[in-house]
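Colleague: To start, I am sharing the structure in question, which I have written as structure tokens.
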Amino acid sequence: LVLNQIQIDDVLLLGVAGGLTEKTSIGDLVISTAVYQHDYYSSLESGDFRMRSGELILSSEQGRAHDPLISANHDLIEKCFKTEISNHGVFKGIVASGSEFVGRGQRKLAIAGLEDGLLAVDMEACAVANICLQFKKPFVVAKTISDTLHTDGTIESDFLKFLKLASQNAAEVVKQFL
């Protein structure tokens, strides 16, 4: 693992994510306050309990006491939140993540209903956050919205159309660190 080979002070994950709320538009930037794995849970007779990867919940008592969120570093959040993106908003919120490309509005609504404060969904934020948690490295996720909750076209056309904009937004976030 890279974290065993070189000294890394902070981890900044940049990329694109699907919008989970009508508050955000394509091109807006979401800065993670935390990440939430939407597709990893313990299914018990007493209910389904969301977990962080690698964890196991065996009882409803454990499930009720468990916090599935992995919080991002406050200082990194604030630094990223200063990013200015012309003609687009910058939001703080929770990024949902899982092993699924979420391309349907109905599925996005289902994920959005799992936890208050979810703004975006991607496929890698939880993996990075879990590694950072294990190695005690501060992290933050900054994602450009590539497709909205209710697309005008297809997820594919939204994503391809706004990929260049997402790259430009990521560059603006990096400038905050330089």
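Colleague: Report Rg(Cα)/(2.2 N^0.38 Å) for the chain, keeping two decimals.
Modeller: Values: Rg = 16.3 Å, N = 178, 2.2 N^0.38 = 15.8 Å.
For the chain, the normalised Cα radius of gyration is 1.04.
Colleague: Let me ask another. Leaving out ligands, DNA and RNA, and with a 1.4 Å probe, what % of the accessible surface on the chain is carbon or sulfur?
Modeller: Details: 4790 of 9450 Å².
Carbon and sulfur together cover 51 percent of it.
Colleague: Testing the spin-label approximation: label points 7 Å from Cα along Cα→Cβ at Glu61 and Ile131. State their distance in nm.
Modeller: Those two pseudo-labels are separated by 3.7 nm.
Colleague: Rounded to the nearest 20 debye, what is the charge dipole size of the chain about its Cα centre when +1 sits on each Lys and Arg Cβ and -1 on each Asp and Glu Cβ? Could you put the intermediate results ahead of the total?
Modeller: Values: 16 positive and 23 negative charges, 64 e Å.
Result for the chain is approximately 300 debye, rounded to the nearest 20.
Colleague: Another one. Only Cα pairs under 8 Å and at least 6 apart count here; give the relative contact order of the chain as a rounded whole percent.
Modeller: With pairs under 8 Å counted, the relative contact order is 38 percent.
Colleague: Another question, if that's okay. Which cross-chain or sequence-distant (5 or more) residues have an amide H under 5 Å from the amide H of Val16, H modelled 1.01 Å from N in plane?
Modeller: Those qualifying (amide H under 5 Å, at least 5 residues apart or on another chain) are Thr144.
Colleague: Oh, and also: Where in segment 1-104 are there trypsin sites (Lys or Arg not before Pro) that are in a DSSP coil and have at most 14 other Cβ atoms within 10 angstrom of their Cβ?
Modeller: Numbers: sites: Lys23, Arg50, Arg52, Arg64, Lys79, Lys82, Lys92, Arg104; in loops: Lys23, Arg52, Lys82, Arg104.
Counting only loop positions with at most 14 other Cβ atoms within 10 Å, the trypsin sites (Lys or Arg not before Pro) in segment 1-104 are Lys23, Lys82, Arg104.
Colleague: Where in the chain are the helices, taken as whole DSSP H runs, whose Cα atoms extend 27 angstrom or more along the long axis and whose Kyte-Doolittle mean reaches at least -1.0? Mind dumping the intermediate values first?
Modeller: On the way: long enough: 155-177 (31 Å, 0.17).
Correct list, ordered by number: 155-177.
Colleague: Averaged per residue, what accessible surface does segment 1-118 expose to a 1.4 Å probe, in Å²? Write out the running numbers ahead of the final one.
Modeller: Numbers: 6420 Å² over 118 residues.
I get 54 Å² per residue for this part.
The values are calculated or read from the model by the stated rules, or taken from the named source; none is laboratory data. Computed from a predicted structure; not experimentally measured. So basically every Cβ, Gly included, is an ideal-geometry build from the backbone, and we count neighbours across all protein chains shown. For the accessible areas, the whole protein counts, side chains as well, though only heavy atoms, and no ligand, DNA or RNA atoms are used. Shrake-Rupley method; radii C 1.70, N 1.55, O 1.52, S 1.80 Å.
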